[in-house]
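Reviewing the structure listed below.
The values are calculated or read from the model by the stated rules, or taken from the named source; none is laboratory data. Given the structure is predicted, the values throughout are model-derived calculations rather than measurements. As a convention, Cβ positions derive from the backbone with ideal geometry for all residues, glycine included, and neighbour counts pool all protein chains shown. These area figures cover heavy atoms from the full protein model, side chains too; ligands, DNA and RNA do not enter into them. Shrake-Rupley method; radii C 1.70, N 1.55, O 1.52, S 1.80 Å.
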Amino acid sequence: VNIAACSVGGAHACLQMAKEHLNVRKQFGQTLSNFQHLQFKMADMATELTASRQMVRTAAGKIDSQDPDMTVYCAMAKRFAT
């Protein structure tokens, strides 16, 4: 779960940096944040980040409760988040 959590943190930082860049960088007289394709890309990134975060939280909950399937959930979280 540790590796997955670190990956989620890194992805969150990257998403924030991308948002800032899209609001500052201009192309064709407008900011990149106005381009629909890039809006869709950001939505995809945010969706993946949210799903990864939820998987890490679920895996951590399984560890806390000593669920017999905790290893499976940890592996899924690591695979998805990294």
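In debye to the nearest 20, how big a dipole does the range 35-82 give about its Cα centre with +1 on each Lys and Arg Cβ and -1 on each Asp and Glu Cβ? Walk me through the numbers before you get to the answer.
On the way: 6 positive and 5 negative charges, 26 e Å.
In debye, rounded to 20, the range 35-82 gives about 120.
Expressed as an acute angle from 0 to 90° and rounded to the nearest 10, what is the orientation of the C-alpha long axis of helix 70-81 relative to the principal long axis of the chain?
10
Given the Cα-Cα distance of N34 and V72 and 0.36 nm per residue of separation, how much length would full extension add, in nm? Provide the component values of the computation, followed by the final result.
On the way: separation 38, 0.36 × 38 = 13.68 nm, distance 4.11 nm.
Additional length available on full extension: 9.6 nm.
Which of A59, A51, A43 ends up with the largest GNM mean-square fluctuation for the chain, with Cα atoms connected below 10 Å?
Greatest mean-square fluctuation among the candidates belongs to A43.
Can you tell me the 0 to 90 degree angle between the C-alpha axis of helix 36-64 and the longest principal axis of the chain, rounded to 10?
For helix 36-64, the angle is close to 20 degrees.
Lysines near K78 by alpha-carbon distance under 29 Å, same-chain residues fewer than 8 away left out - which ones?
K19, K41, K62
Give me the accessible area per residue for the chain, probe 1.4 Å, as a whole number in Å². Before the final figure, lay out each step's value.
Numbers: 5780 Å² over 82 residues.
Dividing the accessible area of the chain by its residue count gives 71 Å².
Taking +1 at the Cβ of each Lys and Arg and -1 at the Cβ of each Asp and Glu, which of G29, L49, A81 sits farthest along the dipole of the chain towards its positive end, judged by Cα position relative to the Cα centre?
G29
What is the spin-label model distance, in nm, from A43 to C14 if the labels are put 7 Å beyond Cα along the C-beta direction?
Distance between label points: 2.1 nm.
When Rg is the radius of gyration of the Cα atoms in the chain and Rh is its Kirkwood radius, what does Rg/Rh come to? Present the calculation step by step, with values, prior to reporting the outcome.
Values: Rg = 16.4 Å, Rh = 14.0 Å.
For the chain, the value is 1.17.
Which value, in Å² and to the nearest 10, is the accessible area of V56 when all protein chains are kept and the probe is 1.4 Å?
Result for V56: roughly 20 Å² accessible.
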